[in-house]
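The values are calculated or read from the model by the stated rules, or taken from the named source; none is laboratory data. Every value quoted in this text rests on a predicted model; they were computed, and no experiment measured them. Glycine gets a Cβ as well: all are built from the backbone with ideal geometry, and neighbour counts include every protein chain shown. These accessible areas exclude ligands, DNA and RNA; they are computed on the full protein's heavy atoms, side chains included. Shrake-Rupley method; radii C 1.70, N 1.55, O 1.52, S 1.80 Å.
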Amino acid sequence: EGLPCLIISLMIFGLVIDLRLQHWPNFSKKMLEKTANLCLGAYLLSYIFDSLFYPVLNSRVPDVIYRLEYMPVIVPCVFLCSLALSWVIDLVYRLLQRMVVALWSTCKAKQ
């Protein structure tokens, strides 16, 4: 919730995106690159899933000490849901981009 957090996050995302992966297997490279490209979107969207998951946890486990036991489940769950939503938004964006480019080229061809 502040400028330093935003700056640090952008630096981390930039670092992950720019990793050199020459010696990694091709599948691992593609998965890490795709995850890195989706991470900023997942970070920005994670508030949605934080707002959904943590109130449920807080209502069912009132004692803060016991909530820590659920963090190994909740945190990856929030991350994966945020990553999945970021992926869906990326797919929609790419689809709309292709449609606009096709429409633009059609309009240009008619002129």
Give me a comma-separated list of calculated 3J(HN,Hα) values for segment 75-82, in order, Karplus coefficients 6.51, -1.76, 1.60 applied at θ = phi - 60°, integers in Hz, x for any Gly or Pro. 4, x, 4, 4, 4, 5, 5, 5
Multiply the residue gap between ASP90 and VAL16 by 0.36 nm, knock off their C-alpha separation, and tell me the result in nm, one decimal place. 24.8 nm
Ranked highest first by average number of other Cβ atoms within 10 Å, how do 34-41, 65-72 line up? 34-41, 65-72
For the chain, what does the accessible surface come to per residue with a 1.4 Å probe? Please give it in Å². 81 Å²
Virtual spin-label span in nm between VAL73 and THR106, 7 Å along Cα→Cβ: 5.0 nm
For the chain, diffusion coefficient by Stokes-Einstein and Kirkwood Rh (Cα), 37 °C, 0.692 mPa s, µm²/s: 193 µm²/s
